[in-house]
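The structure appears below as structure tokens.
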Amino acid sequence: MKTFICKNLDETDTLAKKFSKLVETEGCFVCMFGDIGAGKTAFVKRVAKHLGVKEKVTSPSFVILNEYHDGILPIYHFDLYRLENEGVKTILDELEEYSKPGYLTFAEWAEFSQGEIPLDRMEIKIDYIAETERKFTFSAYGDKAVKILEELN
């Protein structure tokens, strides 16, 4: 586990850039945790920017999944909040499919997955500290994610 305190959006952008460099070749499945407004989508936007995505990156709250294919690798951005526990069961196969190498997949509100998220994954918990200050806690599960976490500094 590693924790980073970002005092402003520039520091969040720097962390996103470091993370994007580590996932740009093989991708990663990323579970996102944090209250509404903590900065989950803001982090995804910054990672996507550093991976060359030109499309506007938005929250998938009402559509469940946004896809971005114009960057270095495909990015899939799920929001599990509206599905809640029962609804997530209906897309578990898709979540597994999007965990394959070469994809960068973000699943916001992963706590609704009931532990059914792919084994090899990164978990990022974002805590609101102040107006622009956030605490990012990264945890890794599986060889690929552990390697990424070891190199993140």
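The values are calculated or read from the model by the stated rules, or taken from the named source; none is laboratory data. Quantities reported herein were computed from a predicted structural model and do not represent experimental measurements. Using ideal geometry, Cβ is built from the backbone for each residue, glycine included, and neighbour counts are taken over all protein chains shown.
The set of residues in segment 53-102 being among the hydroxyl-bearing types (S, T, Y) and at pLDDT 90 or above consists of T58, Y68, Y76. Any chance segment 34-44 includes a residue that's buried (at least 23 other Cβ atoms within 10 Å of the Cβ) and among the β-branched types (V, I, T)? There is at least one residue in segment 34-44 that is buried (at least 23 other Cβ atoms within 10 Å of the Cβ) and among the β-branched types (V, I, T). What about T25, is it polar (S, T, N, Q) and crowded, with 21+ Cβ neighbours inside 10 Å? No; evaluated as a whole, the condition is false for this residue. Each residue in segment 18-50 was checked for being closer than 16 Å to T137 by Cα and of a type in the set (D, E, K, R), and 3 of them qualify.
Results for (1) modelled with pLDDT of 95 or more; (2) closer than 20 Å to V57 by Cβ; (3) small (G, A, S), shown as yes or no for each residue.
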residue: E111; (1), (2), (3): no, no, no
residue: K135; (1), (2), (3): yes, no, no
residue: S139; (1), (2), (3): yes, no, yes
residue: N153; (1), (2), (3): no, no, no
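In segment 96-109, the residues that are within 21 Å of S59 (Cβ to Cβ) reach residues that are of a type in the set (K, R) with C-beta atoms within less than 6 angstrom, at least six apart or across chains, in these pairs: E108/K40.
Applying a threshold of 6 Å to beta carbon distances and a minimum spacing of six or more residues, or different chains, the list of pairs starting in segment 133-146 at a residue that is buried (at least 19 other Cβ atoms within 10 Å of the Cβ) and ending at one that is at pLDDT 95 or above and assigned to a helix (DSSP H, G or I) reads F138/L149; A140/V146; A140/L149. For I117, the conditions (1) outside any helix (DSSP H, G or I); (2) at pLDDT 80 or above are fulfilled apart from (2).
E67 meets the stated requirement of being assigned to a strand (DSSP E or B) and of a type in the set (D, E).
Here segment 1-27 is the region considered, the condition is being among the small types (G, A, S) and assigned to a helix (DSSP H, G or I), and the residue that is nearest to K40 (Cα to Cα) is A16. Assess whether G27 counts as being touching a residue at least 12 places away in the same chain (Cβ under 8 Å) and within 20 Å of P101 (Cα to Cα). It is true that G27 is touching a residue at least 12 places away in the same chain (Cβ under 8 Å) and within 20 Å of P101 (Cα to Cα).
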